[in-house]
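Peer 1: Quick one: the structure is below, questions incoming.
Readers should treat all values here as calculations from the given coordinates under stated rules, not as data from a laboratory. A quick note: this is a predicted structure, and the numbers were derived from the prediction, not measured. Ideal geometry is used to build each Cβ from the backbone, glycine not excepted, and the neighbour counts take in all protein chains shown.
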Amino acid sequence: MNLTDVLHLPLSTGVFYALPFLVALTVIVFIHELGHFLVARWCRVDVEAFSIGFGREIFGWYDRHGTRWKVAWIPLGGYVRFRGDANAASMPDADALARAKTEPGNFHGKPLWQRAAVVAAGPIANFILAIAIFTLAFMFVGRPVIEPRIDEVLPGSAAEQAGILKGDVIVSVDGTEIEDFAGLQQAVMTRAGEPLAVVILRNGEKINLEVTPQLREEPDNFGGKIRLGLLGVKRDPQGPINYERMGPVKAFETGVQRTWFIVESTFRYLGKLVTGRESADQLGGPIAMAKAAGDAASMGFSQFVAVIAFLSVSIGLLNLFPIPMLDGGHLVYYAIEAVRGRPLGERAQEWGFRIGFSLVIMLMVVGTWNDLVRVATVMFGG
């Protein structure tokens, strides 16, 4: 694709990706802020505003409790503002803080455990949303089940080096029972370079092997590469796929497991990033998320909803990072307050929020830069 082609790309291409992304983000943000809102109401905190989006208001209304519900022009987030907040990040207003103990609905005058509960409720709501989506999907659509039977072993692969043969069935990986081929992929994708104990079934006999997944770069359909741990095995694409519908209890249990897998994989990646075993070029920004949402929407409603669940976990987890300005940063402040017996000083909190804001902007810049590099790779090659 050359520059002329880029300049003549139809506007519908951008809309195709932007619209599903904005729908997904709006749902996720609404549920996140609703978590804060409901627990705040339960704790008798006065909620002054519930906003979807930032910036100038497009439209809004007041409920019977005096909360202003509104939609704003910049649809990249949202906030709930409580009585006593100086801004959307819930920094305490100095004047309101002085009146906190005398104003029953002032957020900053509430007991420490109530403030912590209100803050934690947003990310928890994101996890609940993901679990609910996965649970309903497993109940009504079913979980695709492909027997973890090896139909092809690639030459020179980790599987070949470990002695895995065509026709073997993977029973477990590193102590985790493997129920289907997708479970096998999940078990090794973040474990490149780590020796794993694998149990296979061959001619009715269980055999113990040790295999070390190899790190491979696979195209992510966005011009970039994603690094995964791979065994180097394939299944027959024409093989049977069964959809297993689950009862409510089993579906809920599996939904929790799927949500935890996303959390665990994220922490494993971050651990490797910190220790230098992974690169920051794997981080994605809003363009990558928009493409994921657009591609999922093109594959059908169930795929789109699954992406909403994945993004909901990611956003909930991101908000729990101990960065001032995010929910996790507030919880760190409350932990310090619990230890000291009094909150941090106003100046210390202000500097913390400034540092936190800088870190968030830096993460956004890195993610967006990676997105732009991938876009340039697609458009101009390289």
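Peer 1: Would you list Ser51, Ser312 from fewest to most Cβ contacts within 10 Å?
Peer 2: Ser51, Ser312
Peer 1: Still on this structure, I have one more. For a Förster distance of 51 Å, can you work out the FRET efficiency between the beta-carbons of Asp151 and Phe54, rounded to the nearest 0.05?
Peer 2: 0.50
Peer 1: Moving on to the next point. Per residue, how big is the convex hull around the C-alpha atoms of the stretch 144-244? Give it to me in cubic angstrom, could you?
Peer 2: Taking only Cα atoms, the stretch 144-244 has a hull volume of 112 Å³ per residue.
Peer 1: Lys and Arg at +1, Asp and Glu at -1: add these up for the other residues within a Cβ distance under 13 Å of Asn319 and post the number.
Peer 2: -2
Peer 1: Where does the charge balance sit around Tyr62 when Lys and Arg score +1, Asp and Glu -1, over other residues with C-beta under 10 Å from its C-beta?
Peer 2: Residues close to Tyr62 contribute a combined charge of +2.
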